[in-house]
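Enquirer: Pasting a structure below so you can have a look.
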């Protein structure tokens, strides 16, 4: 097939807008996680809240994997060495991310978690440079910095309430940082796997290894009482379904689809949209007022994300 030459500017703009839209949808789903967890807290412990929807998401992804196998019968199942790679992604990525965040916030404060989560795009950029050789261009560094400033402006309340250096919260804060590292590592490591595997394969295989590693922990730490589900109200059921279907399944498929086409550093810049959507959801659903600083910060975050998606040469 003849080479059609470089991508026309109009197509490139449309491509960048499409990726931005998909990343924004994923960020919107992630921003609602805290609200969903609050609806489940009266009924389940933190580990059960974290992993029971995760197990359901794993079961949801299985039919997608079987469909891929039917379309491509020649595709084989993972070898022992490949299973080892998926185990690294699942355990060092998902398990560390979910347990670190959950236990960390339990032992610390939600405001500390909100502040420390701002490190995820920065950690992702550093890991992508070290593990994947991604170039930290001036534009990427600039947009990450602008986005961080915007999120800090939106997080003034959390910054005032946070006690990052309080000794009693030290263990919790360290666990949250472990969770941030796990989340960043999962995205970066899976970016390397996308060259050889479909995003559905990566999700399901890494989820299977993460599930196998956490079932014993759940049984030991929080033995499941099935009668707890009998006391679920409609909000709890909606929250559980949201975590399983949208948080762990749809949002990750969207993020991985985009991640297959653009660098991790660029995709990670969109994670600053999570607190932006969190503020907007709190205003819309909980009636919380958005102060002037939060509005300015949100605008800065949006501008930084659009800049990197519009002008980065890799998009």
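The values are calculated or read from the model by the stated rules, or taken from the named source; none is laboratory data. Keep in mind it's a predicted model, so treat the numbers as computed, not measured. Here the Cβ positions follow ideal geometry from the backbone for every residue, glycine too, while neighbour counts run over all protein chains shown.
Enquirer: Among the residues of segment 78-87, write down those that are more than 10 Å from residue 201 (Cα to Cα) and either under 27 Å from the mean Cα position of the chain (by Cα) or in a loop (DSSP other than H, G, I, E, B) (or both).
Expert: 79, 81, 82, 83, 84, 85, 87
Enquirer: Additional query: Restricting to segment 217-228, give me the number of residues that are farther than 22 Å from residue 100 by Cα and without any contact (Cβ under 8 Å) to a residue 12 or more places away in the chain.
Expert: 3
Enquirer: Consider residue 195 carefully, then state whether it is within 19 Å of residue 131 (Cβ to Cβ), surrounded by fewer than 20 Cβ atoms within 10 Å (Cβ to Cβ), out of contact with any helix residue (DSSP H, G or I) (no Cβ under 6 Å at 6 or more places or on another chain) and free of Cβ contacts under 8 Å to residues at least 40 places away in the same chain.
Expert: The answer is yes for residue 195.
Enquirer: Take the residues in segment 137-165 that are outside any helix (DSSP H, G or I) and modelled with pLDDT under 75, then tell me which one is farthest from residue 277 (Cα to Cα).
Expert: Going through the qualifying residues, I end up with 165.
Enquirer: If you don't mind, another one. Only one of 270, 251, 227 is under 12 Å from the mean Cα position of the chain (by Cα) and modelled with pLDDT under 90; which?
Expert: So the residue among 270, 251, 227 that is under 12 Å from the mean Cα position of the chain (by Cα) and modelled with pLDDT under 90 is 270.
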